[in-house]
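Written below as structure tokens is the structure these notes are about.
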Amino acid sequence: MTRLKYHGEIADELQCWSNEGLLHLLNDAQIQVRGHGTLSFLNDRTPVFVKLVPLAALEMSGQNYQSTANYFQLPTYYQYRIGSCGFGAWREIETHLVANTWVKSGQCAQFPLLHHWRVLPIVCTSYDDRIDRQRWGNCEAIHQRVSSMLKATHSVVIFLEHYPLTLSQWLRHHLLHCTDPISMITSLETQLTDILSFINSQGVIHMDAHFNNILTDGNQLLLADYGLALSNQFQLDADECQFFDEHQNFDICTVITSLVHAIVSCYDSRDNWRQALQQLANEHHGSNAAISVDLRAYLSKRMALVMKMGAFYRQLLADLTTPYPAADLQAILDNL
């Protein structure tokens, strides 16, 4: 059965389930404890990934229902992946619906299909660890956003295509056992940058393209988790429009940085990650004989970009108003 055929059958089955029936399934699987999990449909033959996205009272009220506006009035630096809860459930749902269109139209298949979504009176019980006011400069809007999630009584429950592995899990196992690691790495980089270039060309910035958000079955890569996604089709305020324009290369820089991180972690487990990268990339002083000359050259060529991204995040944690160095990073990208 083809992928789209499976999707259609699962979507049809889910559409027929009552709210009470779905709540019973979710409670039995204890999905509310972690906020995500796996259920089986089509006579228990097909696993489906389920995620609970808390729905604040403000998101359920009147004109805000299914709105992609920044009604919490969150600062744009809350878009960064340093502990953000995101700008709201409806932006995540809207991105999934757009991704479904890309897959079904044949434009790009590298996204997990959204089978179904439903607003239900169930919430994850483990969101309280997200309150970190000091990290966010005691921003009142962020505090209100997180508080509203903790008080939520409903979630948007999303039912997605299931894939068994994250790229982080797959790569850790395969890189050290691969007979031609440089070919594998360059192929991965091409595939990943192609996916992200596609969504960027469609007016979407993922903003969270690390390897735990990229899924695989060993044959294909799929970009998942749109909790921080930003689109020029959302109802953006002026600051968000400027932020969107300034971050056009953010996804590409993030995924290359993630790939370099993964390589370094496989070959050198020391705590000082930057020192490990510098040593692995230096063919004259590298002490790890397991890494090939080609892979050293790959790391060396991308080291400036990775170091620049790392410096940006260190500065951001110290000062949330730190500007994203888009021009500097683009100059590096242009020479890769």
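The values are calculated or read from the model by the stated rules, or taken from the named source; none is laboratory data. Because the structure is a prediction, the values reported are computed rather than measured. Neighbour counts run over all protein chains shown; Cβ positions are idealised from the backbone, glycine included.
Just a few scattered comments:
- With respect to being touching a residue at least 12 places away in the same chain (Cβ under 8 Å), within 27 Å of residue 155 (Cβ to Cβ) and either in a helix (DSSP H, G or I) or assigned by the TED database to the domain that holds residue 55 (or both), residue 212 fits the description.
- A Cβ distance below 8 Å, combined with a sequence gap of six or more or placement on separate chains, defines the contacts here; from segment 12-33, residues that are at positive phi reach no residue that is crowded, with 17+ Cβ neighbours inside 10 Å and assigned to a loop (DSSP other than H, G, I, E, B).
- Residue in segment 228-239 that is touching a residue at least 12 places away in the same chain (Cβ under 8 Å), assigned to a helix (DSSP H, G or I) and either crowded, with 16+ Cβ neighbours inside 10 Å or touching a Phe, Trp or Tyr at 6+ places or on another chain (Cβ under 6 Å) (or both) present: no
- Residue match in segment 2-10 (condition: farther than 23 Å from residue 139 by Cα, surrounded by 16 or more Cβ atoms within 10 Å (Cβ to Cβ), at pLDDT 90 or above and touching a Cys at 6+ places or on another chain (Cβ under 7 Å)): no
- Selected residue (only one of 306, 264, 255 is buried (at least 19 other Cβ atoms within 10 Å of the Cβ), modelled with pLDDT under 95 and in a helix (DSSP H, G or I)): 264
- Scanning segment 43-54 for residues that are within 30 Å of residue 2 (Cβ to Cβ) and outside any loop (DSSP other than H, G, I, E, B) returns 46, 47, 48, 49, 50, 51, 52, 53.
- Extreme residue, surrounded by the fewest Cβ atoms within 10 Å (Cβ to Cβ), among residues of segment 309-321 that are touching a residue at least 60 places away in the same chain (Cβ under 8 Å) and assigned to a loop (DSSP other than H, G, I, E, B): 321
- Meets criteria (touching a Pro at 6+ places or on another chain (Cβ under 6 Å) and either more than 28 Å from residue 196 (Cα to Cα) or modelled with pLDDT of 95 or more (or both)) for residue 40: yes
- Conditions (1) of a type in the set (Gly, Ala, Ser); (2) at pLDDT below 90; (3) in contact with a Lys or Arg (Cβ under 9 Å, 6 or more places away or on another chain): number failed by residue 292: (3)
- Here segment 11-42 is the region considered, the condition is being among the polar types (S, T, N, Q) and not in a helix (DSSP H, G or I), and the residue that is surrounded by the fewest Cβ atoms within 10 Å (Cβ to Cβ) is 18.
- Of the criteria (1) touching a Leu at 6+ places or on another chain (Cβ under 7 Å); (2) under 24 Å from residue 51 (Cα atoms), which one residue 262 fails: (2)
- For segment 169-206, residues that are at pLDDT below 95, crowded, with 18+ Cβ neighbours inside 10 Å and not hydrophobic (A, V, I, L, M, F, W, C) total 1.
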